[in-house]
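*Asks:* Before I ask anything, let me first share the structure, which is written out below as structure tokens.
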Amino acid sequence: MSEPHKRPTSRAVLLVAAAALLVALAACAPATQAPLPGGAAARQLDVTARIVYHRMAIGYLETGAYTTNVLVDVQLPTGARWTLEAYPDGGTSYRLRILSTQVPGIAWEVSPDGVRRVARP
């Protein structure tokens, strides 16, 4: 004969429910990047890179092509510069690199895919 099925205790049910809730909440948490080295200057350059990304996206939406004309009035932090590294015919894509004398060792690469920190060449 088979043994009767044991009913889980309320404590076991509570533990399983809490674990499921933690897993669900962890899935909703935003991804994080490593803290920015370089302090305030790096944070300022990061914001500038994101502004450049959004300006380029808006220019694309307005004209149907990427153009650096939209960057004419972007305020660059002291010591910063941007360089156009790739710009295929017709403005179908682009890649910019933003770096600063105030932030050694890292640069920001901006493309239609977004903004990412990269090792400075």
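*Asks:* Going by what's in this entry, would Y53 be described as surrounded by 16 or more Cβ atoms within 10 Å (Cβ to Cβ) and in a loop (DSSP other than H, G, I, E, B)? Working first, answer last.
*Replies:* Details: surrounded by 16 or more Cβ atoms within 10 Å (Cβ to Cβ): yes; in a loop (DSSP other than H, G, I, E, B): no.
In short, no.
*Asks:* Kindly establish whether L76 is surrounded by fewer than 18 Cβ atoms within 10 Å (Cβ to Cβ), in contact with a strand residue (DSSP E or B) (Cβ under 9 Å, 6 or more places away or on another chain), in a loop (DSSP other than H, G, I, E, B) and without any contact (Cβ under 8 Å) to a residue 40 or more places away in the chain. Show your work before the answer.
*Replies:* Working: surrounded by fewer than 18 Cβ atoms within 10 Å (Cβ to Cβ): yes; in contact with a strand residue (DSSP E or B) (Cβ under 9 Å, 6 or more places away or on another chain): yes; in a loop (DSSP other than H, G, I, E, B): yes; without any contact (Cβ under 8 Å) to a residue 40 or more places away in the chain: yes.
The answer is yes for L76.
*Asks:* Next up: Among the listed residues A65, A41, A57, which satisfies the condition of being over 15 Å from R97 (Cα atoms) and in contact with a strand residue (DSSP E or B) (Cβ under 8 Å, 6 or more places away or on another chain)? Before the answer, list the steps.
*Replies:* On the way: A65 fails: in contact with a strand residue (DSSP E or B) (Cβ under 8 Å, 6 or more places away or on another chain); A57 fails: in contact with a strand residue (DSSP E or B) (Cβ under 8 Å, 6 or more places away or on another chain).
Being over 15 Å from R97 (Cα atoms) and in contact with a strand residue (DSSP E or B) (Cβ under 8 Å, 6 or more places away or on another chain) holds for just one of A65, A41, A57, which is A41.
*Asks:* In segment 106-115, what count of residues is obtained for those that are loosely packed, with under 13 Cβ neighbours inside 10 Å and out of contact with any Phe, Trp or Tyr (no Cβ under 7 Å at 6 or more places or on another chain)? Give the steps one after another, and end with the answer.
*Replies:* Kept after step one, since they are loosely packed, with under 13 Cβ neighbours inside 10 Å, are these residues of segment 106-115: 113-114.
Right, trim to out of contact with any Phe, Trp or Tyr (no Cβ under 7 Å at 6 or more places or on another chain) and you get 113.
Here the count works out to 1.
*Asks:* Check whether at least one residue in segment 10-17 is at positive phi and modelled with pLDDT under 70, and report yes or no. Full working, then the answer.
*Replies:* Restricting attention to segment 10-17, the residues satisfying the condition of being at positive phi are none.
Checked segment 10-17: no residue is at positive phi and modelled with pLDDT under 70.
*Asks:* Among what's in segment 84-121 and is of a type in the set (S, T, Y) and not in a loop (DSSP other than H, G, I, E, B), pick the residue that is nearest to T48 (Cα to Cα).
*Replies:* Taking the candidates together, the pick is S100.
*Asks:* Tell me which residues, restricted to segment 62-73, are assigned to a loop (DSSP other than H, G, I, E, B) and of a type in the set (D, E, K, R). First the steps, then the outcome.
*Replies:* Applying the first criterion (assigned to a loop (DSSP other than H, G, I, E, B)) to segment 62-73 yields 64-67, 72-73.
Within segment 62-73, D73 is the sole residue that qualifies.
The values are calculated or read from the model by the stated rules, or taken from the named source; none is laboratory data. This is a predicted model, so every value here is computed, not measured. Positions of Cβ are generated from backbone atoms using ideal geometry, with glycine treated the same way; all protein chains shown enter the neighbour counts.
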